[in-house]
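Heads up: the structure comes next, in structure tokens.
The values are calculated or read from the model by the stated rules, or taken from the named source; none is laboratory data. Owing to the predicted nature of the structure, the values given are computational and were not obtained by experimental measurement. Note that we place each Cβ from the backbone using ideal geometry, even for glycine, and neighbour counts take in every protein chain shown. Side chains are part of the model used for accessible areas, which takes the heavy atoms of the whole protein and leaves out ligands, DNA and RNA. Shrake-Rupley method; radii C 1.70, N 1.55, O 1.52, S 1.80 Å.
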Amino acid sequence: MLYHRITKPLLTASLLASTGLVAPAMASAQEAPPQDSETPSYPNADDDFHGIVVTAAGLDRLDILAGTDILAGTALQRNMDGQVGEIVADIPGVSASSFSPGASRPVLRGFSGERVKVLVDGIGAIDVSNTSADHAVSIDPLTADRIEVLRGPAVLLYGSQAIGGAVNIIDKRIPLRMPAEPVHFDAFAATATADELLTGGGSIDVPIGDQVVFHLDGSYRQTDDLQVPGFVLSDALRADLLADAAEEEEEGEFEEAAELREAANLSGFIPNSGTETWSVGGGLAWLGDGANFGASFGIYDTFYGVPTAPGAGHHHGEEGEEGAFEEEEGGDETVSIGLRQYRADVRGGVDLPGPFSEIRFRGGYSDYFHTEFEGDEVGTTFDVEGYEGRLEIVQREQRGWRGSTGFQYYHRDFEAVGAEAYIAPNVTDQFSSFTLQEFTFGGLGLEAALRYERTDVAADTLGIERGFDSYSGAIGLSNDPDAAMRYGVNLSRAERAPSAEELFSNGPHIATQQFEIGDPGLGTEVALGVEAFAAGKIGDVQLRLAAYHQWFDDFIYLSGTDEEEDELPVFVYQQDNVNWFGLEGQVIAPLATVGTFDLTGELGFDYVRARRDDTGETIPRLPPLSTYAALEASNGPWTGRVSARYVAEPEDLAEYETPTKSFTMLDASITWKPWSGNRNLAIILQGENLLDEDARRHASFTKAFVLLAGRNLKLSVRLSL
């Protein structure tokens, strides 16, 4: 059958429909307890299943090459945010770009942008969030059933843009199974104090006959300017502005001096950081005996402010009385982005006889448009039309051998028009073939993955066409696949073609306050990697450790220069050899029973270091050492959780890089689940950043003037009927 279940959520891997790739070797330390963390989309009164629904036959344990964390159920509810980068940022090995509350992409093992792929059920977002850090990911997390964070060489099956990892959002717009109820209803709502959050979303799934399911969902989210502790600007930036103010005052320019001091002393909130987002979608699926087919359509719309540093080219006035995007009469203009995406998706599969058990396909189409406004005036527009499709054949297991082989095609037509259209119009076409195979013999497990990719990038206005052939592969060896504790080692070679942004950029990029110049002569970058891991259970203790090292040839990155253009420092794309090293781990262990409460402890850490071979200089915006500890107490319907996360000061800084200080985030939550059976209600009261710390993510371009929220109280409710 196409649809089956796995009942070992912490130790058993899953292969998503259309991805050709494994899921977890071990679930995240952020994950809720097993009875809630992967609750089926349609819980039944007679169904005690609490594992992961898997949509691929025969490939339920390909877990050597990919370390995976899962956020679902209570854990997803507790971490819910408007941008996926913020939701996953507390998982070991993960950070976020944190450009603004309205735009934040995941950073995996220090990799970001073109090296981290954000997916919807295995298909790319098909937007321009990879083009610039101020561009939002066009996926509404409120529609997510679960979120998977994948790291390791197996993610190459998603494409060379996943060289650092992938974040896969699984939604229910194309239903995977029949609901037991005449109408199944899911809902989520939340409010918070730090940004005056008001958000809610809901979905219904209705069976039509015995084999057809109809799905409908919608969501809304609104936030005001983000409240922060102390001064908005970093100490270094404040000092620069105050020094400039003193110089202006000495020259008799008292009005200019007063404006500079006012900007330097801004505190309490980040101006122009409000957001407003809505989405709506529907889907239909036919779930036959030995075959399935479904399709969906959705609209994602968001409008958010873009905070910028004083004197950054975009100027902002004071916030108005009525909202985050008000412009003071006679003042400077605020900058905001209005984004809309229309998206259609299809998915299907057919059982096969003989040596192959199943053939499946997955496709997505996106019509994306966003406008950057300066006040009420249109500044720059970005228009993207694209589609992506995958076709895979799953092998039937024979004598310990099983696998999956497939093909993928991706097309993107990109155009930017306006004063800040620093990338020439371009078209990208990418064709790839891949295979993932597993062999079990003599108490050992061996996995191997191969991928070939052909990428063609053309910019007609520049008269430039480039073509790249990329070859990637990985092999992993571990102990007995059925062992409670898994040990293994992976070897990999990954090759990535340069993106259109890296090839064709040439102009002022105000979001990053840089004049960026691409290089049409860039070649592919190649990474040789080795990773050792241990994952599983020792008694009642859950453990995951990983150490990895990658040697990059011709690593593509932005490098600062001594030149200026349009009053901005010039940064150029170039290539160099880079060494990338990291460690990450987590432990979850039962500690004791105190009265009627069961206590569970968690520890986790991650560390990454990357340096250029020739100079030893560090790569900019690398997340520094991070450690966390959590204590959870559960008693029937009640669960209390306290966690502390320490983020260190960076060891070294790249040239022209802004420093950040260490900080500790103290959070606490109480969860109440009053119902049991086929009804699910979870109410969570949270306190975040209880120490009111000045916290700035080092991976952010805007860390000098955008910091994380101050002390925040949040109430959320999740309902399933």
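All alpha carbon pair distances within the range 392-489 were sorted into 10 Å bins beginning at 0; the resulting P(r) in whole percents reads 13, 29, 22, 16, 13, 6, 0. Assuming 0.36 nm per residue, please report the length gained on full extension of the stretch Trp286 to Asp460 beyond their Cα-Cα distance. That pair, Trp286 and Asp460, stretches by 58.4 nm at full extension. Computed log10 I(q)/I(0) for the range 75-206 at 0.12, 0.14, 0.15 Å⁻¹: -0.48, -0.65, -0.73, from the Debye equation with unit scatterers placed on every C-alpha and solvent omitted. Note down the relative contact order for the range 451-583 as a percent, whole number, built from C-alpha pairs under 8 angstrom at least six residues apart. Computed over the range 451-583, the figure is 20 percent.
Taking label positions 7 Å along the Cα-Cβ direction at both Ser267 and Arg340, the computed distance is 4.3 nm, reported to one decimal.
Contour minus end-to-end for Phe441 and Val541, with contour as 0.36 nm per residue of separation and end-to-end as the Cα-Cα distance? List each step's numbers first, then the result.
Details: separation 100, 0.36 × 100 = 36.00 nm, distance 2.77 nm.
Taking 0.36 nm per residue and subtracting the Cα distance, the gain is 33.2 nm.
Charges were assigned to the Cβ only: +1 to each Lys and Arg, -1 to each Asp and Glu. The resulting dipole of the chain about its Cα centre is roughly 5200 debye.
What whole-number value in Å² describes the accessible area per residue of the range 464-565 for a 1.4 Å probe? Working shown, then result.
Working: 3970 Å² over 102 residues.
Heavy-atom SASA per residue in the range 464-565 reads 39 Å².
Which of the listed residues, Gly585, Ala629, Phe597, is farthest toward the dipole's positive end in the range 498-654, when Lys, Arg count +1 and Asp, Glu count -1 at the beta-carbon? My answer, from the dipole projection, is Phe597. Would you list which aspartates and glutamates come within 12 Å of Lys714, measuring only between C-alpha atoms, while excluding same-chain residues fewer than 8 positions from it? Qualifying aspartates and glutamates at Cα under 12 Å: Asp81, Asp195, Glu196, Asp667, Glu688. Once both labels are positioned 7 Å from their Cα atoms along Cα-to-Cβ, the gap between Glu181 and Glu563 label points is 6.3 nm.
A Förster radius of 22 Å, combined with the Cβ-Cβ distance separating Leu690 from Ala629, puts the computed FRET efficiency at roughly 0.90.
Each label point was placed 7 Å from the Cα along the Cα-to-Cβ direction; for Glu249 and Val489 their separation is 6.4 nm.
Projecting the Cα positions of Phe373, Leu156, Val417 onto the charge dipole of the chain (unit charges on Cβ atoms of Lys, Arg, Asp and Glu, taken about the Cα centre) puts Leu156 furthest along the positive direction.
Using bins of 5 Å that start at zero, the share of Cα-Cα pairs per bin across the range 196-237 amounts to 5, 14, 13, 10, 11, 8, 10, 7, 7, 5, 4, 4, 2, 0, in whole %. Sketch the reach of a paramagnetic label on Phe297 as a point 7 Å from Cα along Cα-to-Cβ, and name the residues of the range 196-228 whose backbone nitrogen lies under 11 Å away. No residue passes the distance filter. Among the listed pairs Lys172/Lys703; Lys117/Lys172; Lys537/Lys673; Lys117/Lys673, a Cα-Cα separation exceeding 25 Å is found for Lys172/Lys703; Lys537/Lys673; Lys117/Lys673. Based on the reciprocal of the average 1/r between different C-alpha atoms, the Kirkwood radius for the chain equals 26.1 Å. Accessible surface computed residue by residue for the range 150-281, with neighbouring protein chains in place and a 1.4 Å probe, gives 40 Å² per residue.
Solvent-accessible surface of the range 325-414, taken per residue with a 1.4 Å probe and all protein chains present: 46 Å².
Could you work out how much longer the chain between Asp598 and Arg399 gets when fully extended? Use 0.36 nm per residue separation minus the Cα distance between them, nm to one decimal. Provide the component values of the computation, followed by the final result.
On the way: separation 199, 0.36 × 199 = 71.64 nm, distance 4.36 nm.
Length gained between Asp598 and Arg399: 67.3 nm.
Could you work out the relative contact order of the chain, using alpha carbon pairs under 8 angstrom and six or more residues apart, expressed as a whole percent?
Values: 2180 pairs, mean separation 80.7, N = 721.
The value is 11 percent.
Ligands, DNA and RNA left out, the accessible area of the chain computed with a 1.4 Å probe is 56% carbon and sulfur.
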